[in-house]
Amino acid sequence: MTKRPELPEALARWADSPGGRAFCEAARRRIANGGQLDRKMSLTMTPRQRADLVDLFGTSSVSGAAIRLDRANTALLNGAHALPLRQLLIAVGGPLHTNRGRARYRRIVKKADIQRARSTLAARISPVPELANELKLLTALSEPASWLPPQDSLTQTRTWATYATALTAAAEWFQGRARNWKFGERELAVRALGGSKRWSDATKTAFSHLVGLPFSEAVYTADTGIRMLGPASWKLQRLVADVSAARPFVDLPGRTAATQGTLDIQAEGVLLIENQETFQALSRTRVPEQWLCIWMEGYASDALALFLSHLPDIPLTAWGDLDPPGIDIIVNLSNKSGRTIVPVAMSEQLYQTGYMLEEDRTALDGWREHAERQTRTAPEAFRPLARAIARNCGRRCEQEGLHEHVLPHLHGWLQQYIGTSAAARARAQAPW
């Protein structure tokens, strides 16, 4: 790499003057757009900027609202610094490239990156006989111009990152199986992917296609505790947990409770709660007498989604923060579980009475844009709240500040869902 030339102190001060900065920026733009340094360059100047330019280049180079670049170059070469104009611009802002040259450079870099990624992946899977066909498909890819993986790969993905991650994990998995070793989910991610949290739903699916097993059978998966309160019990040969008798709550292993033993739900419905303090506050209300209350822990976990998918056809409701992430958590959990989840206490009216988080303008702009997207993409029951957030400049309202407005009435609000069909619950528009 060519070292950027250093400017003499006096010339560096000039380059940092109002006129110097304006001139260098304009000249570099000219070159980027394919222009030359041997003709006139238009430049709108303040009196101060003009004086800076005359000071370095002389009056013959500055004419009206233009700079004679050929004369400026001659003046700079014949002056005390004996430096060509192009070298001045390089010293100030780095190498000079045209826009066309930059595009060509980016294409060259992309091609090299793709080739390197393909070679690295091929080297990783080549010792694994079970992936011989994948290696054949990979090495048969045409000249690298696209990140798309092979069309006939067992991964069944068109995303390179998902494809490469799944193949890398599968290579490690097959080698472990040859040693009669079964990996844990995070163990395999650490060994193959460089971190315990590198799995995504897409890479798990692609990996499963490669190894020919469901993900939960291919690796040991750690169960996740689900904190709950209300009319339910779980038995494995004998009673393991009586949720209705637990105060303030009990944790059940989500995947195990959903798939093993007997899960007896006496509740009229389920109420999902985003935050822990709000979840514990429910024990001071009548809600747990009829509703199974579950803490979401602030995200849509796989274990909770599986648990919900195994519940009987009873109403599923959720109360989260009145903000874009609160909406996203519930929508994601609904999508992952395949169950309709209706929001409660997340209305436009309650949002307007809430206490707004104090955030800077940049954060608010981001939340406003997020809410605007949700007005188009979220299920209809969430859109009034999203519109209210967007109109209110993205300001967010946490559910804890609404306890006084919600908890005394929540049991009554939930009663409308008892005995209603899933279709009716999906159409429901809560007034609160």
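Values as computed for the structure displayed
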| quantity | calculated |
| --- | --- |
| Those residues of the range 408-418 which are among the hydrophobic types (A, V, I, L, M, F, W, C) and either more than 36 Å from the chain's Cα centre (by Cα) or modelled with pLDDT of 95 or more (or both), in sequence order | L410, I418 |
| Scan of the range 320-376 for residues that are acidic (D, E) and over 16 Å from I389 (Cβ atoms), ordered by number | D360 |
| Of all residues in the range 220-243 being basic (K, R) and surrounded by fewer than 16 Cβ atoms within 10 Å (Cβ to Cβ), the one that is nearest to Y417 (Cα to Cα) | K235 |
| Output for the range 259-312, where each listed residue is among the acidic types (D, E) and closer than 20 Å to G401 by Cβ | E274, E277, E297 |
| In the range 374-398, residue surrounded by the fewest Cβ atoms within 10 Å (Cβ to Cβ) [restricted to those that are of a type in the set (S, T, N, Q) and in a helix (DSSP H, G or I)] | T377 |
| Number of positions in the range 281-294 that are among the small types (G, A, S) and either crowded, with 17+ Cβ neighbours inside 10 Å or free of Cβ contacts under 8 Å to residues at least 40 places away in the same chain (or both) | 1 |
| Residue satisfying condition, being at pLDDT below 85 and crowded, with 16+ Cβ neighbours inside 10 Å, within set I31, I67 | I31 |
| The one condition in (1) of a type outside the set (D, E); (2) farther than 30 Å from E187 by Cα; (3) assigned to a strand (DSSP E or B) that I226 fails to fulfil | (2) |
| Scan of the range 61-79 for residues that are without any contact (Cβ under 8 Å) to a residue 12 or more places away in the chain and either over 15 Å from L43 (Cα atoms) or hydrophobic (A, V, I, L, M, F, W, C) (or both), ordered by number | T74, L77, N78 |
| Residue selected from the range 244-260 under the condition farther than 25 Å from A345 by Cβ, assigned to a helix (DSSP H, G or I) and open to solvent by 30 Å² or more (accessible area, probe 1.4 Å), by the criterion modelled with the lowest pLDDT | A245 |
| Residue in the range 121-161 that is farthest from L210 (Cα to Cα), counting only those that are under 26 Å from the mean Cα position of the chain (by Cα) and among the polar types (S, T, N, Q) | S146 |
| Residues of the range 16-68 satisfying the condition of being among the hydrophobic types (A, V, I, L, M, F, W, C) and assigned to a helix (DSSP H, G or I) | A22, F23, C24, A26, A27, I31, A32, A51, L53, V54, L56, F57 |
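Every residue, every condition in (1) under 30 Å from A303 (Cβ atoms); (2) buried (at least 16 other Cβ atoms within 10 Å of the Cβ), yes or no:
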| site | (1), (2) |
| --- | --- |
| L138 | no, yes |
| T157 | yes, yes |
| W160 | yes, yes |
| L193 | yes, yes |
| K197 | yes, no |
| A202 | yes, yes |
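Rundown of residues vs (1) among the small types (G, A, S); (2) in contact (Cβ under 8 Å) with a residue 12 or more places away in the chain; (3) farther than 22 Å from T377 by Cα; (4) open to solvent by 10 Å² or more (accessible area, probe 1.4 Å), yes/no style:
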| residue | (1), (2), (3), (4) |
| --- | --- |
| T262 | no, yes, yes, yes |
| E274 | no, yes, no, yes |
| F279 | no, yes, yes, no |
| Y299 | no, yes, no, yes |
| L304 | no, yes, yes, no |
| L322 | no, yes, no, no |
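The values are calculated or read from the model by the stated rules, or taken from the named source; none is laboratory data. Keep in mind it's a predicted model, so treat the numbers as computed, not measured. Here the Cβ is made from the backbone with ideal geometry for all residues, glycine too, and neighbour counts use every protein chain on show. Surface accessibility is based on the protein's heavy atoms, side chains included, excluding ligands, DNA and RNA. Shrake-Rupley method; radii C 1.70, N 1.55, O 1.52, S 1.80 Å.
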